[in-house]
Every structure is written in C-alpha cells, then in structure tokens.
Amino acid sequence: MKNSTLKTLLYTTIHRNKKSVAQIADETGISTNYLYRAGLPLEESGVKFPVDYLLPLMNSTKDFSVLKHLANLSGFVLIKIPRLCRNKAEEIELVDEYQQTTINAVRLLKEFLSTPNSLNYQKASDGLMEVMTKSAYAQKVVNKTASGQLELDLE
C-alpha cells in the first residue's frame, strides 16, 4: 500500500474482491457498468469515483485500504477500534496483551534499526501498528470505565 495510488486501490477494491462487481453494485446502489468503469484507471475509463460512494463501497467489500491511503496522505494513521471487553477478566487480559505487544514492537524496532532492510521494515511497521491498535482499544476501555466511575461519583 505504501506506493499505491488511489485509482490502484479502487481497482483492487472493486475488481479484485471476493464479491463480483455486480454484487458490490447491488449492495452500494451504484450501477454495475458505472462501478466497473469507475474502478479502472482514468486513462482507460474516463470516469471518476464519487466520494459519496466511498463509504458504501468500503462497507460492502470490507476493504478499507482506500481510507487508510487517504489518512496516510493526510498525515494520519487509521486504526479500527475493536469492540469493548464484556467483563473484568477480559480487561486484565487486555493489559497482558498490551504489554506483550509493546515488548514485541520494541524488539522489532531494534532489529530494524540495527539491520534496516525491507523485511525488518515491514515487521517493525506491523509491530508498531499493532501497538497503536491496542492503544486505541485500551483508550476506549479507559474512557468507558472512567465515564461509569464519574457517573457513580455524582450520585
């Protein structure tokens, strides 16, 4: 994805998906012909993909690479936040997983810095992204817990 273009990612999302173009078109409310042409490179189709169709397309295909690409171009990191814990045991497990993930990311970062090559880069990048994902999830748990505690403090 690092060197991908928006049109390349749209092509992959539309034409290299498990679902057919017709099925995606039906789920998004876009005509099959338009969706097919919009996913082709501009020089082949002459059709631009409207931003209004982006969210329905990503939800239908479960492919959010276009959104990640746009976030990256804008200087942001996109992270999907998993559902919240249902009980205290899962919250304790969250802390252990967070710690292990962080330790692993630091190890991978050290490996990359000592031997900077494409394989170590990908490993370090994936490890750091996993830490950010776990951090976003932990933040959601903290916010939920704090809001519950604050409500109790008011009574």
- Task: Determine whether segment 53-65 contains at least one residue that is charged (D, E, K, R) and in the same structural domain as Ala25 (by TED's automatic domain parsing).
- Result: yes
- Hey, can you tell me all the residues within segment 55-106 that are at pLDDT 85 or above, over 30 Å from Tyr34 (Cβ atoms) and among the small types (Gly, Ala, Ser)? Gly75, Ala105
- With respect to Val66, is the statement that it is touching a helix residue (DSSP H, G or I) at 6+ places or on another chain (Cβ under 6 Å), closer than 30 Å to Glu27 by Cα and surrounded by 11 or more Cβ atoms within 10 Å (Cβ to Cβ) true? yes
- Message: I need the helices (runs of 4 or more DSSP H) fully contained in segment 1-111, keeping only those with at least 1 residues that are farther than 22 Å from Lys123 by Cα and touching an Asp or Glu at 6+ places or on another chain (Cβ under 6 Å).
- Response: 6-15, 54-61
- Item | Residue that is surrounded by the most Cβ atoms within 10 Å (Cβ to Cβ) [pool: residues in segment 106-138 that are more than 19 Å from Asn72 (Cβ to Cβ) and among the small types (Gly, Ala, Ser)] | Ala138
- Members of segment 25-54 that are under 30 Å from Thr133 (Cβ atoms) and either surrounded by 14 or more Cβ atoms within 10 Å (Cβ to Cβ) or at pLDDT 95 or above (or both): Glu27, Thr28, Gly39, Phe49, Tyr53, Leu54
- Flag for Lys48 being of a type in the set (D, E, K, R), free of Cβ contacts under 8 Å to residues at least 12 places away in the same chain and closer than 23 Å to Leu73 by Cα: yes
- Search result, residues across segment 79-103 that are among the acidic types (Asp, Glu), over 20 Å from the mean Cα position of the chain (by Cα) and either loosely packed, with under 12 Cβ neighbours inside 10 Å or over 13 Å from Lys144 (Cα atoms) (or both): Glu90, Glu93, Asp96
- Is there a residue in segment 91-99 that is aromatic (Phe, Trp, Tyr) and either in contact (Cβ under 8 Å) with a residue 60 or more places away in the chain or over 30 Å from Val141 (Cα atoms) (or both)? no
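The values are calculated or read from the model by the stated rules, or taken from the named source; none is laboratory data. Predicted model, so just to flag it, every value in this text is computed and none were measured. Heads up, the Cβs are rebuilt from the backbone with ideal geometry, glycines too, and the neighbour counts pull from every protein chain shown.
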